[in-house]
């Protein structure tokens, strides 16, 4: 281990879409000493295995594949000559922003950072987390693992596939497996609505005649060595399987797309305060966590639906991290949390959770997800008891992220503002 | 001809093999599965029982207490993980205090050291999350937890290093008499041996009954313990478990059992050596010896029972559920000895809980019997190496030590399993040790890769690549747990011979 500690202005943990956008924005905000730490041997994160199109509609106004979308950012980072250390895994982040890494090339290294951006992404909820009864044979894959096998390795995980969960990766994999020559029997979803994007239901299931069984779940997995069949049952309103509704589907593969969880092991160990709803850090208007100088963005903060929004959010986090790293005096100040943003009445959470009107930009995007499927509801914003926004939305679903925009001048005009509330209203 | 063939590479078979390796003899272990530790040894509570449960005077009681003592000694020379965290039997009703005292007395009679009944106040100090109904507990400081995979693998590796051979994927279908001994039909092979040891787990009754067919009239007056040639029946008794994430691993500090009451038997809640929390097992007799599936009813039972002794068990932190089969026998004692009327045929059967704890003592006992029968002599001084090099655990390695490891082998710097912090170097090591780990599960048991909260989501493809490279096999030959459990079935589009009709341009679907 080197005796003199390496030092950088902004250290970014993760070289996926969030990390890359944050790095570029940090550089463009004036902090040229940026270091990206990536555990994989290439940049781009999970985009590299997302070979389908549909990325970048908001950012570039064109339909790119995942690798193409990543390439735009990788190229930009290279043009700016941003340092990226690959094959390097972050083991620890201290509250004083000392980052410990390991790599085959360098062994253990410690890096002091003026600011840190958490951009570790998320992971899939595995079958085990559902406590689904049955055997534990080969052929049970989370959809992302199967996606890697198919799209990166060119290997077929199975021929006759049942998918549990209708998250976006599961939907995308239903189509992918079909295109690669497998038969997708059905997609079962325990909720009465899909957790994925509407466009993916249409393009990945409907277009291929793959049935989506809402309010259904897998109640048994057969096959000791390799999956031989699964049983699917209907569930009641409390999501308990209804006896007598079981149907057995012979198959060799059970693929799961049952939720994504922000990967906050490092954040938790560092002492970053996490939200029990998003499982990501609680952040303020600057996307700063409870530890001053530590920022978060992308799927480690909250799971996004579209990568375009990850990039937007990460750019904000990167710029804020750059400002923090360059304003040395700011570092000692205890984090003042600003006005709390409260999510209620069908709004599950908001990011950020706090807004300081003095420190916010002229416009601040507050992102959130809703708790259920809703038709013809109003998205309302209240400053204390006064309703200041009231916008009707035809359809809202948990699978799609929503947003409201707050204006700095409005907030500044309300001295003594104690609470901002975001909620859904019927009228 | 081998001197000894041991049928079964579970913890008992491997312990016997390791102890026989002290003698000047040739030993072969035959195993129906692809690796050691594939049956009851891999799916249990992973507890080092103190020894107060078994009836005084039983073989179980004797071997449990002796096995407990040896376990901690062997952990040092064989480098497997064992933690003497102590165990508590929690009594949840004043009415059951007599039962707790009886358990205490039984433990004392069995020779369990340092047993003590503690009151609620002391119990709360030891275990703050104990249930509100807990009134007292039996405290056994010699209780502990062990890595059952690590233990079995360590025994097998040490046996192999001392000359024991292993044959995998070799199910034994018959044992016959031949000149000078026996012929064991294992898969396609016939293996000759002067003595055969039955350590076949839930299948030990079948082998016992096969042995019995070879038995003649009992000889009188031999000094080797015997077992009857009467038919044996092993009932697979299923136990289902929840395994919780390491975030829940500190919920209890000791193994917490429930004192059985008129309301029934509870489940245990315990930390594991891997830092997880284990909750279970149920106990249900099943028909099939392969029925290691979990069931909705069994898992629901675990959920409802764990709260009897421990409050607020964070079950939502579950990362997997599993089931194991105990090799239960009606009389509920180990069946260990030479078969009456069949010198050279040995049973090590009905090894149910506390079989894991007893394994070291079973190894000593059975190897002693076999050595007496075959008149084996010990290897010359220094010819048996009782030590086995440990495996690296990066979770317990300081950054300075880890840095040093990277200098010696950069593969220690390449993390493959992020949840359990397992590097490429450890996986390569597991693949090349003897016996080799060639499947995903075999690597899991040795390194804990895939055992964490993502359950192999990220590392499975990476481990497959390493297996391909190190063993020179193709991806479709790699299995989860031996032949029939291949992880992939082919390559993309390999079954597409013509464009799918649904892909014609412009066509309405």
Picked from the range B:24-41 (must be over 19 Å from residue B:446 (Cβ atoms) and buried (at least 24 other Cβ atoms within 10 Å of the Cβ)), the residue nearest to the chain's Cα centre (by Cα) is B:30
Restricted to the range B:302-358 and to residues being touching a strand residue (DSSP E or B) at 6+ places or on another chain (Cβ under 8 Å) and at positive phi, the residue surrounded by the most Cβ atoms within 10 Å (Cβ to Cβ) is B:350
Taking the range A:60-72 and keeping only residues that are over 27 Å from residue A:9 (Cα atoms) and within 17 Å of the chain's Cα centre (by Cα), one is left with A:66
Residue count, the range A:181-199, condition surrounded by fewer than 24 Cβ atoms within 10 Å (Cβ to Cβ) and either touching a strand residue (DSSP E or B) at 6+ places or on another chain (Cβ under 6 Å) or more than 14 Å from chain B (Cβ to nearest Cβ) (or both), comes to 11
From the option list A:209, A:107, A:170, single residue qualifying as surrounded by fewer than 24 Cβ atoms within 10 Å (Cβ to Cβ) and either outside the structural domain of residue A:19 (by TED's automatic domain parsing) or at pLDDT below 95 (or both) is A:209
For the range B:13-37 the number of residues that are within 17 Å of residue B:170 (Cβ to Cβ) and either assigned to a strand (DSSP E or B) or without any contact (Cβ under 8 Å) to a residue 60 or more places away in the chain (or both) is 4
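Tell me, please, whether a residue that is in a loop (DSSP other than H, G, I, E, B) and more than 12 Å from every other protein chain (Cβ to nearest Cβ) can be found in the range A:144-166.
yes
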Check: Does the range A:383-396 include one or more residues that are within 20 Å of residue A:287 (Cβ to Cβ), outside the structural domain of residue A:66 (by TED's automatic domain parsing) and crowded, with 20+ Cβ neighbours inside 10 Å?
Finding: no
A careful count of residues in the range B:419-435 that are outside any helix (DSSP H, G or I), at the interface with another protein chain (Cβ under 10 Å from one of its Cβ atoms) and touching a strand residue (DSSP E or B) at 6+ places or on another chain (Cβ under 7 Å) gives 2
Counted residues in the range A:123-143 being part of a strand (DSSP E or B) and closer than 24 Å to residue A:220 by Cβ come to 6
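Considering each residue of the range B:450-492, count those that are within 15 Å of residue A:156 (Cβ to Cβ) and not in a loop (DSSP other than H, G, I, E, B), and give that number.
Counting residues in the range B:450-492 that are within 15 Å of residue A:156 (Cβ to Cβ) and not in a loop (DSSP other than H, G, I, E, B) gives 9.
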Among A:77, A:113, A:83, the single one that is surrounded by fewer than 17 Cβ atoms within 10 Å (Cβ to Cβ) and either at pLDDT 95 or above or farther than 22 Å from residue B:414 by Cβ (or both) is A:83
Filtering the range B:277-293 down to residues that are in contact (Cβ under 8 Å) with a residue 40 or more places away in the chain, within 18 Å of the chain's Cα centre (by Cα) and either at the interface with another protein chain (Cβ under 9 Å from one of its Cβ atoms) or part of a loop (DSSP other than H, G, I, E, B) (or both) yields B:281, B:282, B:283, B:289, B:291, B:292
**Prompt:** What do you reckon, is residue B:190 under 17 Å from the mean Cα position of the chain (by Cα), modelled with pLDDT of 95 or more, surrounded by fewer than 23 Cβ atoms within 10 Å (Cβ to Cβ) and not in a loop (DSSP other than H, G, I, E, B)?
**Reply:** no
Among strands (runs of 3 or more DSSP E) entirely within the range B:60-144, at least 2 residues that are within 28 Å of the chain's Cα centre (by Cα) and under 15 Å from residue B:258 (Cα atoms) occur in B:87-91, B:136-140
task: Within the range B:392-410, identify whether any single residue is in contact with a helix residue (DSSP H, G or I) (Cβ under 6 Å, 6 or more places away or on another chain), part of a loop (DSSP other than H, G, I, E, B), within 14 Å of chain A (Cβ to nearest Cβ) and closer than 30 Å to residue A:100 by Cβ, and answer yes or no.
output: yes
Meets criteria (at the interface with chain B (Cβ under 10 Å from one of its Cβ atoms) and touching a helix residue (DSSP H, G or I) at 6+ places or on another chain (Cβ under 8 Å)) for residue A:211:
no
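If we keep just the residues of the range B:302-322 that are farther than 18 Å from residue B:89 by Cβ, within 14 Å of another protein chain (Cβ to nearest Cβ) and not in a helix (DSSP H, G or I), which is farthest from the chain's Cα centre (by Cα)?
B:314
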Among the residues that make up the range B:477-497, is at least one of them more than 24 Å from residue A:255 (Cβ to Cβ), surrounded by fewer than 24 Cβ atoms within 10 Å (Cβ to Cβ) and without any contact (Cβ under 8 Å) to a residue 24 or more places away in the chain?
yes
Inside the range B:38-59, the number of residues satisfying the requirement of being in contact with a helix residue (DSSP H, G or I) (Cβ under 7 Å, 6 or more places away or on another chain) and not in a strand (DSSP E or B) is 13
Residue match in the range B:234-242 (condition: surrounded by 22 or more Cβ atoms within 10 Å (Cβ to Cβ), part of a loop (DSSP other than H, G, I, E, B) and not assigned by TED's automatic domain parsing to the domain that holds residue B:335): no
Of those in the range B:436-449 that are free of Cβ contacts under 8 Å to residues at least 60 places away in the same chain and assigned to a loop (DSSP other than H, G, I, E, B), the residue surrounded by the most Cβ atoms within 10 Å (Cβ to Cβ) is B:449
If you go through B:75, B:46, the only one that is touching a residue at least 24 places away in the same chain (Cβ under 8 Å) and surrounded by fewer than 24 Cβ atoms within 10 Å (Cβ to Cβ) is B:75
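The values are calculated or read from the model by the stated rules, or taken from the named source; none is laboratory data. Values in this document were obtained by computation on a predicted structure and should not be read as measured data. Here Cβ is always computed from backbone atoms with ideal geometry, including for glycine, and neighbour counts include all displayed protein chains.
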